1. Shape of region 270-342 from its Cα gyration tensor (a ≥ b ≥ c, root eigenvalues): rounded if a/c is under 1.5, otherwise prolate when a/b > b/c, or oblate?
2. Could you derive backbone 3J(HN,Hα) for region 331-336 from the dihedral phi with the Karplus parameters 6.51, -1.76 and 1.60 (θ = phi - 60°), listing whole Hz in sequence and x where the residue is Gly or Pro?
3. Quick one: putting +1 on the C-beta of Lys and Arg, -1 on the C-beta of Asp and Glu, what dipole do you get for the chain around its Cα centre, in Debye to the nearest 20?
4. May I ask you to give the solvent-accessible area per residue for the chain, in square angstrom, as obtained with a 1.4 angstrom probe?
5. What are the equivalent ellipsoid semi-axes of region 97-145, built from the alpha-carbon gyration tensor (square roots of five times its eigenvalues), in whole angstrom, biggest first?
6. Could you pull out every residue, at least 5 positions away or on a different chain, whose amide H is within less than 5 Å of the one on LEU204? Hs are placed 1.01 Å off N in the peptide plane, and Pro or chain starts have none.
7. Please compute the length gained on full extension between ASP305 and LYS337, using 0.36 nm multiplied by the number of residues separating them and subtracting their Cα-Cα distance.
8. If you project the alpha carbons of region 224-363 onto the principal axes, what extent comes out on each, in Å, largest first?
Amino acid sequence: MDIIQYILNIFNVMLNTIINYLSVNRILALLTAFLMAGGIASMINKNFIIKYFGSETPKYISYTVSAISGTLLAVCSCTILPLFASIYKRGAGIGPATTFLFSGPAINVLAIFYSAALLGWDIGFLRAVFAIFVSVLIGLSMGFIFKDHDVKRKFKVPKTKSISSRPMYQTVIFFALQFSMLLVITASPKLFPALSTPLIGNFLLKHLLFIILGVFLAVSVKIWFREEEIKKWLKESFSLLKIVFPLLILGVAIAGAIKAIIPPKYIVMYVGDNSLSSNFVASFIGALMYFATLTEVPIIKALMDLGMNVGPAMALLLAGPSLSIPTILTISKVLGKTKALTYLGLVVLFSTLCGYLAGNLLS
């Protein structure tokens, strides 16, 4: 009977985790991310993607663009997935694509400043430096290990300067509106308290701004885009949604089960010093658990208050936001199981080493 109750409690935690995950803000953020990804897949000139993210592009260009592109997005490890799948599908090399995959949730500006504000500017600064370094290192490693893969799917690098077939200002406005919607709806109340000002009940200022931007997007699309272009955009977005969303829900449920099975006190027990084993444990757990954007910071703050060493804290800061079970499941669908597990191993390895280094520098 006790075993049955224990199993029921785990299922209850899993269900509550899914319910909490499917908040209004997160659903709106995911839908916006899928629309952006569909826009990339249907409207961005494939030649442009190949030119700046392709395996034949000079590394100093492709990896710089990949890291910077990720920095601009305040997204979690799940929300970055449709964007990653889209640029990879359009011809991005596996190295630049995985750099983008890591950099989006790990290096975004909001996360860095929030880390500095809550954990200290020394930790915030080191997190930014390590995250940029690790994103490029992971991409270079993936590109080297699977160079034969890129050769097989190599796309010819065309001579093109056009990002899309439509006027540049329309393309810029189209993506700028969606980016603004994503930025507004994911804005942290800690950093932008004004956006969380209640208007009517749970309806916040951020929701009003999101709706206004959405109306501008709908009007601009209606005026500028042909009917077949709109259908193609929505079809690509829905196609990505069908692939990614079920895996996200499955991954969130598994992460909830892990939370129910492993008590926090045991996690703290194994990450109380700056040994390589402690950093590995923090990295590995972080790589499996799901952290919504910025939520890793207060969680790590609480763990540090309970005795977590700064080294494992840094390892968790790097691995936690950038990877999760949903991410692993999804990229295995996009890249294959071998490449997905290699990416997991690289994230854990480099996060462990950076955590150990941070522990020696800041302790």
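1. Oblate, since a/c reaches 1.5 and b/c is not below a/b.
2. 5, 5, 6, 7, 9, x
3. Rounded to the nearest 20 debye, it is 1340 debye.
4. 46 Å²
5. Whole-Å semi-axes of the equivalent ellipsoid: 24, 10, 5.
6. Amide H neighbours of LEU204: LEU199.
7. On the way: separation 32, 0.36 × 32 = 11.52 nm, distance 3.74 nm.
Stretched out fully, the ASP305 to LYS337 stretch lengthens by 7.8 nm.
8. 60, 33, 29
The values are calculated or read from the model by the stated rules, or taken from the named source; none is laboratory data. This one's a predicted model, so the numbers in the text were calculated from it and none came from an experiment. Counting neighbours? That spans all protein chains shown, and the Cβs are built from the backbone with ideal geometry, glycine included. Note: areas computed on protein heavy atoms with side chains; ligands, DNA, RNA excluded. Shrake-Rupley method; radii C 1.70, N 1.55, O 1.52, S 1.80 Å.
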